Amino acid sequence: MKILVTGGAGFIGSHLCEKLLAQNNEVVCLDNLFTGSKKNIAHLFDNKNFALVEHDVERSYEFAVDQIYNLACPAAPVWYQKDPVKTVRTSVLGAISALELAKKRRCRVLQASTSEVYGDPQVHPQAETYNGNVNPIGPRACYDEGKRCAETLFFDYHRECGVDIRVVRIFNTYGPRMAEHDGRVVSNFIVQALRGQDITIYGRGEQTRSFCYVDDLVDGLIAMMDQDGDFVGPVNLGNPAEFTIKELAAKIIQLTGATARIVYEQLPTDDPKQRKPEISLAQEKLHWQPTTQLKEGLLRTIDYFKQKLH
Ligand code: NAD
Ligand code: UDP
């Protein structure tokens with residue numbers, strides 16, 4: 001198949017491109033290189049089945065493809081809050097660009113949505129039936145509401161125009177090729193530990209997250225795209241093993257053998273207090289569940305950053 005991956009030069013996108021190529025597909029990676037990097041996909045440039053197109057998804061595009069994975073969007077709070085209006089435009093206009101091409105080509109399109117649609121959840125763990133608790137005017141809203149509107153567009157194009165959609169809600173994912181300055185917790189803590197810098201815990205570190213290793217996540221994306229029933233989602237993809245941020249810091253200090261000390265900084269506004277995916281729908285419909293334990297995934301990510309930082 002010929003497959004388009006928007007945001008393919010980013011962290012998750014680069015792993016997805018790699019896996020799709022390994023399955024003998026042709027891959028077009030569309031990216032404006034805002035948070036992504038050519039370095040993430042440099043090893044794919046020699047593959048004749050791979051092409052990078054530098055383009056902003058705000059503007060329409062046209063490719064003769066059989067599937068579209070729509071991943072283009074900055075995902076780290078520091079980056080999506082740099083230019084909030086642009087983040088909304090990327091999510092909303094980017095969804096329309098992908099859906100219009102899918103409508104024209106009559107091809108399937110998958111949206112990379114997020115656990116952020118649940119906001120600061122009052123229901124725990126989060127199942128797909130929960131409608132969330134998002135502050136529409138806070139600093140995270142550009143991302144959360146942008147992604148919520150993208151889901152709305154996907155379902156409206158599906159109902160109104162018969163577009164063949166798939167929607168996944170991705171929970172915190174980590175692994176090699178996270179950007180060093182990305183600001184997300186796993187990369188921050190590992191980079192700080194390896195450099196002997198202070199480990200910055202925001203708030204008291206009692207907030208929780210559930211971390212999914214990138215290879216598991218990519219398998220889930222492909223399973224959802226390729227399942228041929230009438231199940232369009234939304235479906236949660238994540239690892240339900242839940243940790244406090246303090247526990248994560250302790251694990252990373254232990255695994256890196258760092259002597260770094262922990263410092264406590266201000267908790268960002270609207271930072272969700274707890275997050276854990278309910279994944280029984282993915283297990284039932286996709287026969288998917290993550291298999292990489294946090295320790296194993298962290299060791300692989302630490303190895304990556306050790307090579308990158310030296
Ligand atoms: P990332 O920032 O590494 O990748 C995003 C990619 O999109 C980058 O390559 C960036 O350059 C590109 N991009 C951004 N704006 C664009 C635009 N206007 N036009 C074209 N390209 C653009 O982030 P990631 O972690 O790989 O996330 C990929 C997708 O998965 C995002 O849609 C994100 O919202 C979603 N997601 C990720 C996580 C996670 O934990 N990593 C969790 C939930 C959802
Ligand atoms: N966090 C932290 N120190 C950091 C970066 C993040 O304590 O250096 C916290 C952050 O406040 C949040 C959690 O770790 O509670 C996860 O943050 P991240 O930005 O990785 O993802 P998100 O908040 O989008 O889940």
Whether any residue in segment 79-101 is in contact (Cβ under 8 Å) with a residue 60 or more places away in the chain and surrounded by fewer than 16 Cβ atoms within 10 Å (Cβ to Cβ) is what I want to check.
no
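Taking strands (runs of 3 or more DSSP E) that fall entirely within segment 164-237, which contain at least 1 residues that are among the aliphatic types (A, V, I, L, M)? Quick ask: steps written out before the conclusion?
On the way: elements: 165-170, 199-202, 208-210, 235-237.
Ranges flagged: 165-170, 199-202, 235-237.
Residues 3, 41: which one is more than 7 Å from ligand 1 (Cβ to nearest atom), in contact (Cβ under 8 Å) with a residue 60 or more places away in the chain and within 22 Å of residue 177 (Cβ to Cβ)?
Numbers: 41 fails: in contact (Cβ under 8 Å) with a residue 60 or more places away in the chain.
It is 3.
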Which residue, of 82, 104, is assigned to a loop (DSSP other than H, G, I, E, B) and either more than 9 Å from ligand 1 (Cβ to nearest atom) or closer than 25 Å to residue 272 by Cβ (or both)?
82
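Laboratory data are not the source of any read-out in this text; all were calculated from the coordinates shown. Quantities reported herein were computed from a predicted structural model and do not represent experimental measurements. So basically every Cβ, Gly included, is an ideal-geometry build from the backbone, and we count neighbours across all protein chains shown.
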